[in-house]
Amino acid sequence: MSLLDRILGVDRRWIFLFVVLAVTVPILVPLGLPVTTTGPTRAAFEYIESLEPGDVVWLSFDYGPSSAPENDPMAEGFLRHCFVKDLRVVVCALYPLGALSLANSSVALVAREFPEKKYGTDYVNLGYKDGPEAVMRRLGANIADAFPTDVNGEPIAGMPIFEGIHTIGQFKLAFTVATGLIGEFWITLVNAQFGTPVIIGPTAVSAPKYYPFLSSGQLKGMLGGMKGAAEYEQLLARKYPKLSQFYRSTRLFTGTKGMDAQTGIHAVIILFIFLGNVAYLLGRRRERRA
């Protein structure tokens with residue numbers, strides 16, 4: 001059998017198997033491939049680093065399960081960064097399709113890693129509220145008007161984390177992990193009208209539209225897609241030994257593992273494109289001889 005016949009006769013199930021292995025192996029056994037950090041990610045990291053212990057920041061879950069592999073590592077990395085720096089974090093969810101479940105899961109996950117952090121003092125989860133534009137306008141007037149209670153139904157008025165804090169304009173940062181339009185609302189409403197600095201973590205397909213906001217200074221930084229999440233994890237690991245150990249040893253899905261898997265699947269695609277072109281050239285050569 002000729003090389004051409006061998007290539008053309010490959011059972012497609014072998015291709016499926018290569019794809020499965022390329023995705024699963026790097027997640028189960030991380031390859032640790034190098035990730036080069038980009039300017040928007042470094043800008044986001046450095047801005048968060050410039051904040052002082054005790055500063056209050058806002059984290060908004062503005063995405064659903066369909067983009068969780070890209071967005072979850074950003075949100076969880078930001079929570080770890082805040083906790084290791086002793087920043088206080090207020091969490092909410094504004095995306096209607098599953099964001100509350102993702103917020104509850106990520107907050108509970110990272111809180112277990114930092115058992116010394118106290119709910120209501122160091123962090124709070126306000127839950128989901130419909131109508132993001134209206135919610136943001138209310139946050140600019142009085143947070144308790146938009147979120148009178150937390151996700152558990154407890155009034156926020158008596159919580160230590162809100163002592164002296166009444167509006168979103170008093171926050172040092174709003175970090176929106178977003179898909180769709182909600183990320184833009186944080187820029188055009190919360191930043192433009194109330195002056196709160198904003199960092200965004202969009203999906204990769206949405207990232208290009210936010211570069212003008214970076215250039216104009218309306219964004220302090222951006223984590224673009226899974227690569228942005230992986231870059232952020234690399235910066236966290238270099239700065240904080242505790243997080244370096246975590247990202248080396250964790251069995252959880254991370255942006256770095258996702259980039260390893262993405263690299264693997266790209267390699268498989270390139271391999272089969274190469275083989276397809278070889279088969280095409282050999283086929284033309286056979287035709288000429290015939």
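The values are calculated or read from the model by the stated rules, or taken from the named source; none is laboratory data. Bear in mind that the values here come from a model prediction, so they are computed numbers and not experimental data. With ideal geometry, Cβ positions are generated from the backbone for all residues, glycine too; neighbour counts draw on all protein chains shown. We work out accessible area using only protein heavy atoms, side chains counted, and drop any ligands, DNA or RNA first. Shrake-Rupley method; radii C 1.70, N 1.55, O 1.52, S 1.80 Å.
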*asked:* Please compute the contact order of region 155-290 in relative form: average sequence separation of alpha-carbon pairs under 8 Å and at least six residues apart, divided by the residue count, as a percent.
replied: 15
_What number does region 158-225 give for Rg over Rh if you use C-alpha atoms and the Kirkwood radius?_
1.03
*Counting Lys and Arg as +1 and Asp and Glu as -1, what is the net charge of the other residues whose Cβ lies under 11 Å from the Cβ of V23?*
0
*Sticking with the crude label model, points 7 Å out along Cα→Cβ, report the distance from S101 to S50 in nm, one decimal please.*
3.9
*Have a look at W14, W186, W58 and tell me which one the Gaussian network model of the chain (Cα, springs below 10 Å) gives the largest fluctuation.*
W14
*Rounded, prolate or oblate: which fits region 60-206 when a ≥ b ≥ c are the square roots of the eigenvalues of the alpha-carbon gyration tensor, with rounded for a/c under 1.5 and prolate only if a/b beats b/c?*
rounded
*asked:* On a 27 Å Cα-Cα criterion, which of the cross-link pairs K85/K220; K85/K209; K117/K227; K129/K239; K172/K242; K117/K242 come out too long?
replied: K85/K209; K117/K227; K129/K239
*Lys and Arg at +1, Asp and Glu at -1: add these up for the other residues within a Cβ distance under 11 Å of L94 and post the number.*
-2
*If contacts are Cα pairs under 8 angstrom and at least 6 residues apart, what is the relative contact order of the chain in percent?*
26
*Rounded to the nearest 500 deg cm²/dmol, what is the calculated helix-only ellipticity per residue at 222 nm for the chain, with -39500 (n - 2.57) per DSSP H run of length n ≥ 4?*
-16000 deg cm²/dmol
*On the accessible surface of region 1-119, probed at 1.4 Å, how many percent belong to carbon and sulfur atoms?*
64
*asked:* Tell me whether region 182-290 comes out rounded, prolate or oblate; compute the Cα gyration tensor, take square roots of the eigenvalues as a ≥ b ≥ c, and use a/c under 1.5 as the rounded threshold.
replied: oblate
*Formal net charge of residues neighbouring G183 (Cβ-Cβ distance under 14 Å; K, R +1; D, E -1)*: -2
*Classify region 189-228: rounded, prolate or oblate, from the alpha-carbon gyration tensor (a ≥ b ≥ c, eigenvalue square roots; a/c under 1.5 rounded; otherwise prolate if a/b is larger than b/c)?*
prolate
*Cα centroid separation, region 3-33 to region 216-280 (Å)*: 19
*Which of the DSSP-defined H helices in the chain satisfy a minimum axial length of 15 Å, computed from C-alpha atoms, and a minimum mean Kyte-Doolittle hydropathy of 1.6?*
12-28
*Relative contact order for region 59-148 using alpha-carbon pairs under 8 Å, separation at least 6, rounded to a whole percent?*
32
*Just how large is the dipole of the chain about the Cα centre, in debye to the nearest 20, putting +1 at every Lys and Arg Cβ and -1 at every Asp and Glu Cβ?*
1480
*Take the Cα gyration tensor of the chain, multiply each eigenvalue by 5, square-root it, and list the three semi-axes largest first, rounded to whole angstrom.*
44, 20, 17
*Run the quick spin-label model on L8 and E133: label points 7 Å from Cα toward the beta carbon, then report their separation in nm to one decimal.*
5.9
*Mean shadow of region 1-139, computed from the convex hull of its alpha carbons, in nm²?*
13.1
*Quantify how much of the Cα-Cα distance distribution of region 1-56 extends past 12 Å, in percent.*
79
